[in-house]
Amino acid sequence: MALLSKKDTNLILDPLADNNPITIQVLGICSALAITAELKASVVMAISVLFVLGVGNVVISLMRNMIPNKIRIIVQLIVVATLVIIVDQVLKAFAYELSKTLSVFVGLIITNCIIMGRFEAFALGNGPWKAFLDGIGNSLGYGVILIIVGFFRELLGSGTLFGFKVLGDPVAKTGLYASGYENNGFMIIPPAALIVVGIIIWFQRSKNRALIEEN
């Protein structure tokens, strides 16, 4: 017997492509713009959201029949805030320099539209197992886009990946000629992330015409 049914598998796979939270649902754009100048920061943010959304969905699902409707948003915020504090403390303990780089953006996971949206739209109406799969699927879909954007921004903007030089030495100009790779400073600023995300959206819709909205 397969471990996952077709519906369970779709909960994980759909957000990776045809229902991606960033490129299709247009959620979580702020962090995609803000922290993807470095691939390492993108990976850490993706893992952080994976933990918060995966665990948070299960917690909300387990509590769904005990939460009064009038305070459900407050309860959701308390759950996600607790998980974010755990992530923040772990980063400060084991990756302090990176935690300073991410700084306020880790805290802003609390207000990430993807997390609150999945709590409200899915975890409150489904069992823990399905809620867990939904959380994993959506956080993976979010993380994939962050990592792709971070890859191209760091590579083209700094000539590095994970801080290691990839595209040669800094430019050494002699007369009218230049050697090596000249970093594209534009890729480091947030608008470049928007352009990369736009290219991903264009590629995604060109592969699946059903995603194109009719006027």
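The values are calculated or read from the model by the stated rules, or taken from the named source; none is laboratory data. From a predicted model like this one, the values you see are computed outputs, not experimental measurements. Glycine gets a Cβ as well: all are built from the backbone with ideal geometry, and neighbour counts include every protein chain shown.
The residues of region 114-147 that are surrounded by fewer than 24 Cβ atoms within 10 Å (Cβ to Cβ) and of a type in the set (D, E, K, R), listed by number, are E120, K130. Would region 90-113 turn up any residue that is within 19 Å of P21 (Cα to Cα) and either of a type in the set (D, E, K, R) or in contact with a strand residue (DSSP E or B) (Cβ under 6 Å, 6 or more places away or on another chain) (or both)? No, every residue in region 90-113 fails to be within 19 Å of P21 (Cα to Cα) and either of a type in the set (D, E, K, R) or in contact with a strand residue (DSSP E or B) (Cβ under 6 Å, 6 or more places away or on another chain) (or both). The set of residues from region 1-58 being of a type in the set (G, A, S) and part of a loop (DSSP other than H, G, I, E, B) comprises A2, S5, A17, G28, A37.
Selection over region 44-71 of residues that are more than 29 Å from A34 (Cα to Cα) and touching a Leu at 6+ places or on another chain (Cβ under 7 Å) gives a count of 1.
Can you confirm whether I60 is in contact (Cβ under 8 Å) with a residue 24 or more places away in the chain and of a type outside the set (D, E)?
Details: in contact (Cβ under 8 Å) with a residue 24 or more places away in the chain: yes; of a type outside the set (D, E): yes.
In short, yes.
Only one of (1) surrounded by 15 or more Cβ atoms within 10 Å (Cβ to Cβ); (2) without any contact (Cβ under 8 Å) to a residue 12 or more places away in the chain; (3) under 16 Å from the mean Cα position of the chain (by Cα) fails for T111. Which number is that? Of (1) surrounded by 15 or more Cβ atoms within 10 Å (Cβ to Cβ); (2) without any contact (Cβ under 8 Å) to a residue 12 or more places away in the chain; (3) under 16 Å from the mean Cα position of the chain (by Cα), only one is false for T111: (1).
The set of residues in region 39-64 that are of a type outside the set (D, E, K, R) and closer than 15 Å to T101 by Cβ comprises L39, A41, S42, V43, V44, M45, A46, I47, S48.
Against the numbered list (1) in a helix (DSSP H, G or I); (2) at pLDDT below 90, R72 comes up short only at (2). Looking only at region 94-106, decide whether some residue is over 18 Å from F151 (Cβ atoms), of a type in the set (K, R) and in contact with a helix residue (DSSP H, G or I) (Cβ under 6 Å, 6 or more places away or on another chain). No, region 94-106 contains no residue that is over 18 Å from F151 (Cβ atoms), of a type in the set (K, R) and in contact with a helix residue (DSSP H, G or I) (Cβ under 6 Å, 6 or more places away or on another chain).
Go through the residues of region 98-110 one by one and say whether even a single one is farther than 17 Å from A46 by Cα and not hydrophobic (A, V, I, L, M, F, W, C). Scanning region 98-110 turns up no residue that is farther than 17 Å from A46 by Cα and not hydrophobic (A, V, I, L, M, F, W, C). When I35 is tested against (1) surrounded by 20 or more Cβ atoms within 10 Å (Cβ to Cβ); (2) in contact with a Pro (Cβ under 9 Å, 6 or more places away or on another chain), just one condition goes unmet, and that condition is (2). Residue count for region 142-196 under the criterion of being in a helix (DSSP H, G or I), hydroxyl-bearing (S, T, Y) and at pLDDT below 90: the result is 1. Of everything listed in (1) surrounded by fewer than 16 Cβ atoms within 10 Å (Cβ to Cβ); (2) assigned to a loop (DSSP other than H, G, I, E, B), the single unmet condition for T82 is (2).
Of everything in region 1-29 that is under 10 Å from the mean Cα position of the chain (by Cα) and within 17 Å of A192 (Cβ to Cβ), the residue that is surrounded by the most Cβ atoms within 10 Å (Cβ to Cβ) is I22.
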